[in-house]
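Heads up, the thing below is written out as structure tokens.
The values are calculated or read from the model by the stated rules, or taken from the named source; none is laboratory data. The structure presented is a predicted model; accordingly, all values stated were derived computationally and were not measured. All Cβ positions, even for glycine, are placed from backbone atoms using ideal geometry, and neighbour counts span all protein chains on display. These accessible areas exclude ligands, DNA and RNA; they are computed on the full protein's heavy atoms, side chains included. Shrake-Rupley method; radii C 1.70, N 1.55, O 1.52, S 1.80 Å.
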There are 4 protein chains.
Amino acid sequence: MTKSIYGETFALWRDGCPEPWHAYTHHAFVEGLRDGTLPRRAFLHYLVQDYVFLVHFARAWSLAVVKSETLDEMRYAARTVDALVNHEMALHVKTCAAEGIDEATLFAAREEFENLAYTRYVMDAGLQGDLLDLLAALAPCCFGYGEIGTRLAATAAPDTPYGDWITTYADAGYQDAMRSVGALLDAAVARRLGPDPSASVRWPQLQTRFTTATRLEIGFWDMGLRGK
Amino acid sequence: MTKSIYGETFALWRDGCPEPWHAYTHHAFVEGLRDGTLPRRAFLHYLVQDYVFLVHFARAWSLAVVKSETLDEMRYAARTVDALVNHEMALHVKTCAAEGIDEATLFAAREEFENLAYTRYVMDAGLQGDLLDLLAALAPCCFGYGEIGTRLAATAAPDTPYGDWITTYADAGYQDAMRSVGALLDAAVARRLGPDPSASVRWPQLQTRFTTATRLEIGFWDMGLRGK
Amino acid sequence: MTKSIYGETFALWRDGCPEPWHAYTHHAFVEGLRDGTLPRRAFLHYLVQDYVFLVHFARAWSLAVVKSETLDEMRYAARTVDALVNHEMALHVKTCAAEGIDEATLFAAREEFENLAYTRYVMDAGLQGDLLDLLAALAPCCFGYGEIGTRLAATAAPDTPYGDWITTYADAGYQDAMRSVGALLDAAVARRLGPDPSASVRWPQLQTRFTTATRLEIGFWDMGLRGK
Amino acid sequence: MTKSIYGETFALWRDGCPEPWHAYTHHAFVEGLRDGTLPRRAFLHYLVQDYVFLVHFARAWSLAVVKSETLDEMRYAARTVDALVNHEMALHVKTCAAEGIDEATLFAAREEFENLAYTRYVMDAGLQGDLLDLLAALAPCCFGYGEIGTRLAATAAPDTPYGDWITTYADAGYQDAMRSVGALLDAAVARRLGPDPSASVRWPQLQTRFTTATRLEIGFWDMGLRGK
């Protein structure tokens, strides 16, 4: 297992789908953010869709509170809802406002299929299964953006116009939150799958959920690029 | 483990709470059905509440379809919904009609606290957890009525006026359906907890769900007796 | 309002999005079924995906039972689950078996994005809103296939190899079931929106749900054609 | 309509069940808090149960985020979850700690039937209906405690040992939060029922949900008194 600062469960799931994971975290869209060549229109198209994504992502983390079985699970999940609704979405609002797109317009944006597929798959994972099914579907976005933010902060072109975006995910606030999510995930897994989780009968299905959500991240970047 | 025709999981859970199980399946209300001493008013009070219970029980089995992960799980759960909505509730409707209570009145009956507590606990078990959490909360009603029906069919006073009720749960149709539910449960457990389910970390919580629902069955009989 | 045998609500919603509705019900995929020019590979690709679609559609109709507020709502929804699980899916199984694809393979098929988007959007409509939100998202599939079946049965090329498919949706069993669903929908609307539903404040959102699901049907046919 | 600082919808619902509302807000348990005659054991029994109640109440408000349709709905509901999990529960923890009951014990307390009935009824209202169904079931607790807190702060015996409890619900923080919840409720009603909500066909059912939850509040105080 390749280690991760986000915990053991994530590291195992990421290692369980190396090709989709690389395709997601090193997507042409990401490289365009890094070297600054991403067309502004593609970025804005992505950003509007990502705002709507975060609305449903916050709903999904709220469903995680509904599905929590311990006080710590509840608190971490509730904190993540707060971080999404009151902080991460603010970047989108600020950036879009500078382009003349107000928040009501963002909220009402027509969702692309890739967006619908991803967000609703996550919600349904929570409705169909337990907290682990939901967390497996939430994990690729959380930790993938964490990895991308860290890598891009270290390697981005100095003049990329996407520095604000990179900083949002590279900074200590986001990174600390994701370490907490990773700790929550490891504890939730231990509680439900025991001391050797990857040997449990549920593991393949949880891996499939993680891999599916990773594929949906790739589709999301593809959708972003279509906007150029 | 004491064996049961309804499968291994049920037998383990039943053995995991012998006192509540006995208090439920040998409740004064049940003995009153058996020897015929149960006051008619108590029976009718119970029957009206039980009709509303079955409405929510059918909703809960429908939630089991939503939470199913295999075709067999879906099919058994869907069949159980059909059996509840189109068959078991018919006894209640027929018996109540003979007493001048029509089905619309049944459907609109004000639920007693014990009824609300039980049915909504089951629904929420499904929302909070996975299919096993839901099935653990559904199991005491399914199999307990099966055991009661069989025992009372063999031992009831010949002149008990509650023969129809006893027959409903003793007859081959109900018993076969419950064997199927037991097989579904064993398979669902194997799929999610592996070959040694009672050693899994989730077992205590599933036992607690089963025990809680058993306690709620006792409360339901108590509520029935209050109607006398 | 153009009348429909499936009731008034459907007729209003269909009239509320004439272009997407036509694009869906007269899609090139549909015309290929009608005149027999649809490549076999595209049909099979569609059929495998549609099998998985029906699995989730049955879950969504089960969620409709969970969300029902009247006995009629429960009964119709439960009957639809039964029709889907025990009848409509049988066509897919039979046709696919003839091509050497067994049911376990069908059930485990990897879902295309358009499939995920559609089915999970429907499920989430039910989780987010009430029964009407769910029915608005379920309606385009139910009634659109009804319209397509009827039209194709009257106009298909005599030698189209897709006669079985057309018959499934044109025959009295499916048509009767859809009239029942239409009656259920009209009653559910009257119960929640009153005597002038299209004047209610909720109407635009329900129309949006219907239109979104119609767009997702177009995406589903597009996905089918990609399989050729 | 008797006015309320918590908005019009609440005032209408409260006026729609004057006797249960009075029985709840002027219950012997409440009067015992006011004049200080409530036995300490009853208070502690209540407080432990109320802690578990708040756990599920926070889950229910999280479900409100899941069911929100506007940004304001999401934000208010998310803020309420935060207030519950990170603030209101703190009183219980502090008071119980002083009595030697730690938070893990609180979290694991066996729920009384009245508690199960109430909390799970609220959750299921959200699963079965839309945001209004959920809010109607959440409202009696929110606003009733607000009214009780205000009244007791003005009239309590100076030496009642329950001053901390009274202050929790009388102080500006709680009162402001409940005004916000009232504004959210009025807006959610306007969005879904239009300008004359009490004339809408859904009104009787929403009133029933509010009345049922009010009855469950009465049961909760009864349960508290049983602890003496």
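Tabulated results
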item	result
³J(HN,Hα) computed for each position of the stretch B:179-194 - Karplus, 6.51 cos²θ - 1.76 cosθ + 1.60, integer Hz, glycine/proline x	5, 5, 4, x, 5, 4, 5, 4, 5, 5, 5, 4, 5, 9, 10, x
Selected from B:Thr37, B:Thr70, B:Thr150 as most flexible by GNM, with chain B as the system and alpha-carbon contacts under 10 Å	B:Thr70
Shortest-first distances to equivalent copies, position D:Ala199, nm, label 7 Å out along Cβ	0.9, 6.9, 7.0
Full-extension gain in nm, C:Asp102 to C:Asp35, via 0.36 nm per residue minus C-alpha separation	21.3 nm
Cα Rg, Dmax, the stretch C:124-178, angstrom units	14.3, 45
Residue-wise HN-Hα coupling along the stretch A:207-217, computed from phi with Karplus coefficients 6.51, -1.76, 1.60 (Hz; x: Gly, Pro)	4, 4, 4, 4, 5, 4, 5, 5, 4, 5, 5
Nearby aspartates and glutamates by direct alpha-carbon distance to C:Lys94 (threshold 14 angstrom, same-chain neighbours under 8 apart not counted)	C:Asp50, C:Asp102, C:Glu103, C:Asp164
Cβ-vector label at 7 Å, C:Ala187, separations to other copies in nm	3.3, 3.7, 4.9
Using a 7 Å Cα-to-Cβ projection, A:Ala97 label spacings across copies, nm, ascending	3.9, 6.3, 6.6
Theoretical ellipticity at 222 nm over the protein assembly as shown - DSSP helices of four or more residues, -39500 (n - 2.57) apiece, nearest 500	-25000 deg cm²/dmol
GNM result for chain B, Cα springs below 10 Å: residue of B:Asp133, B:Asp15, B:Asp159 fluctuating most strongly	B:Asp159
Acute angle (nearest 10 degrees) that the helix A:131-155 long axis makes with the longest principal axis of chain A, alpha-carbon atoms	40 degrees
Residues of chain C: accessible area per residue with a 1.4 Å probe, Å²	35 Å²
Between helix A:113-128 and chain A: long-axis angle, C-alpha atoms, 0 to 90°, nearest 10	20 degrees
Translational diffusion of the stretch D:8-226, µm² s⁻¹ [Kirkwood Rh, Cα pairs; Stokes-Einstein; 37 °C; 0.692 mPa s]	187 µm²/s
Beta carbon of chain C nearest to the axis of the rotation taking C to B, residue and angstrom distance	C:Ser62, 2
Per-residue HN-Hα couplings for the stretch D:48-57 [Karplus 6.51, -1.76, 1.60; θ = phi - 60°; Hz; x = Gly/Pro]	5, 5, 5, 4, 5, 4, 5, 4, 6, 5
Spacing of the two label points (7 Å from each Cα toward its C-beta) at C:Lys94 and A:Thr167, in nm	6.5 nm
Choice from C:Pro195, C:Pro39, C:Pro161 showing the highest fluctuation, given a GNM over chain C with Cα pairs closer than 10 Å	C:Pro195
